[in-house]
Structure formats: structure tokens, C-alpha cells
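One structure is given here, and the rest of the page talks about it.
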């Protein structure tokens, strides 16, 4: 009987000792080590890849934003503010998904198949809207000009980038709305086009938030 109690006590003490050691190592030392390395070598990324403008944080280079007009009374879906470059549809197309405003609580697209009739109609409607919004006096957007990322969301629904083709498609509209020469706005797009990572990973891309910050500065200089 005494031997059994003694063995049980030893096992409990060993278990508590192991729990204490593992708590210190994995719950305190390791997180502090990783945090210290991240802050020392990659402080920008470790802190959320924040983007600043006018002395304050306005977003992250990793998370997309929408640029809409203030909603009118009774309006469920706000209209895009067409003086800004627009990003990809958030989490799908319009109100068809769980993520319509780059909501960070959820991430995902429509979960519909490519031949889904409702999805196809959403794409057609989105394409018609892109053509209408970006056709201005002296410049008409053709259906063949609309790239895929203008009418579809990314897999996460939070993509902060658009293709250079979609950015170029918006140049005339942005220039017209802001009273700027189209060539100057196109140059702005070129200056903010990022190449493939390491020259072969991914596709060329434009960060919409960074582009719009530069556009705001350009308008202010004018």
C-alpha cells in the first residue's frame, strides 16, 4: 500500500515538473525568442505590414480595402467612389458572399462551381458595371478589355492587389474624375507595379492602397 502511494506521488511530482518545464519553454521562452527575432529582423512584417499616410496608419499592405461613397438612407450596398482605383470584388461579387466589405472576421469566396448559373450572372453583371464605370468621354472600354480579376475575388476575398491590366483599365476614369492627364495617371500605375517575386513566382501586381495614396498626393500637388 505504501509503495503504491509512493509511486503515485513520484509520478505526480514528475508530471508537475514536466508541466512546469514545458510551460516555461513553450509558453514563455519560445514565444519571446520568436517575437524577438521577428522584431529584430522583420519589424515591418511582424507588426502587420502597416501602411502610413499623413502620419497615421491607414491599412495593411496585406489586406484589401474598399473605396466607396457613404451609403444613402436605406441603401444596403454602397456605390464605389470612382475617383479612386478600385480593388477586386471582396469575397465574391457584391452581396453574394459572406464577405462583402473585406470583413476580417471571415475569409473566403463564393464556394460556387465555375458553371453555376447564378455565379455566371454575377460575373456578367460585374463585367457590365466595370465597362460602364470606366468608359468616359473619348475612351470606351470593350468587353475584351476586362481582365478576370476585375470581376472575380481572390480565394481569400482579401487580396490587396490587382493586375496591371485592371489598373490600366481604370486610368482614364480616375484621370477624368480627378482632373489629371491620363498619361500621368498611367505613369503612376507603372511606378507602383510590382514584378514577379524573385522574377518567377506569382504575377505582376499593383497594391491598390499604395496606389491610391500616391494618387491622393498627386492630386494635392496639382
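None of the figures in this text is laboratory data; all of them are computed from the coordinates on show. Because the structure is a prediction, the values reported are computed rather than measured. Positions of Cβ are backbone-derived with ideal geometry, glycine not excepted, and every protein chain shown enters the neighbour counts.
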Seminar exercise, completed: In degrees rounded to 10, the 0-90 angle between helix 30-41 Cα long axis and the longest Cα principal axis of the chain is 40
For this session: Per DSSP H run of n ≥ 4, the term is -39500 (n - 2.57); total these for the chain, divide by its residue number, and report the mean residue ellipticity at 222 nm rounded to 500 deg cm²/dmol.
Result: -14000 deg cm²/dmol
Exercise. In whole Å, how far is the Cα centre of the stretch 156-180 from that of the stretch 22-61?
Worked result: 31
Exercise. Helix 182-191 versus the longest principal axis of the chain: what angle, 0 to 90°, nearest 10, using Cα atoms?
Worked result: 20
Exercise. For the stretch 1-79, how big is the tail of P(r) above 18 Å, as a whole percent of Cα pairs?
Worked result: 72
Seminar exercise, completed: In degrees, nearest 10, the alpha-carbon axis of helix 208-221 is tilted away from the dominant principal axis of the alpha carbons of the chain by 50
For this session: Could you state the orientation-averaged shadow area of the convex hull built on the Cα atoms of the stretch 2-45, in nm² to one decimal?
Result: 2.9
For this session: Could I have the simple spin-label model distance between residue 136 and residue 41, label points 7 Å from Cα toward Cβ, reported in nm to one decimal?
Result: 4.6
Problem set entry | Evaluated over the chain, the Cα radius of gyration and Dmax, each in Å | 25.1, 97
Seminar exercise, completed: Rounded to 0.05, the calculated FRET efficiency for the beta carbons of residue 52 and residue 113 at R₀ = 41 Å is 0.50
